[in-house]
Amino acid sequence: MATEDLCLVCTDSLDYTGVGPCGHKEACSRCVARLRFVMEDTRCMLCKQDNPSVFFTRYMGDYTQSLPPAEYSKLQVC
């Protein structure tokens, strides 16, 4: 397993990620959810930009599509 496939926070396998408008996808969905919902911190773990919304998706490395911040409002909320 390549180091790119590991969460930068907990080092677990990066199967799913939480991506905000800043575009960073290097933290796993568990760490992103823990920061947002337990710690009530909506900032990106890497760049500290406020991410008012994030979406969770399967991590696919460089093939994970990035959305510009203006497109976030068009995502379907589940």
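The values are calculated or read from the model by the stated rules, or taken from the named source; none is laboratory data. For clarity, every value in this text was computed on a predicted model and none was experimentally measured. Here Cβ is always computed from backbone atoms with ideal geometry, including for glycine, and neighbour counts include all displayed protein chains.
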Among (1) assigned to a helix (DSSP H, G or I); (2) under 13 Å from SER53 (Cα atoms), GLY23 falls short only on (1)
Report the residue count in the stretch 26-63 for those that are of a type in the set (Ser, Thr, Tyr), out of contact with any strand residue (DSSP E or B) (no Cβ under 8 Å at 6 or more places or on another chain) and more than 20 Å from GLU4 (Cα to Cα).
-> 1
Per the filter on the stretch 38-78, residues at pLDDT below 75, outside any loop (DSSP other than H, G, I, E, B) and among the polar types (S, T, N, Q) are SER73
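Take the residues in the stretch 1-55 that are among the small types (Gly, Ala, Ser) and either free of Cβ contacts under 8 Å to residues at least 24 places away in the same chain or exposed (fewer than 13 other Cβ atoms within 10 Å of the Cβ) (or both), then tell me which one is nearest to SER73 (Cα to Cα).
ALA33
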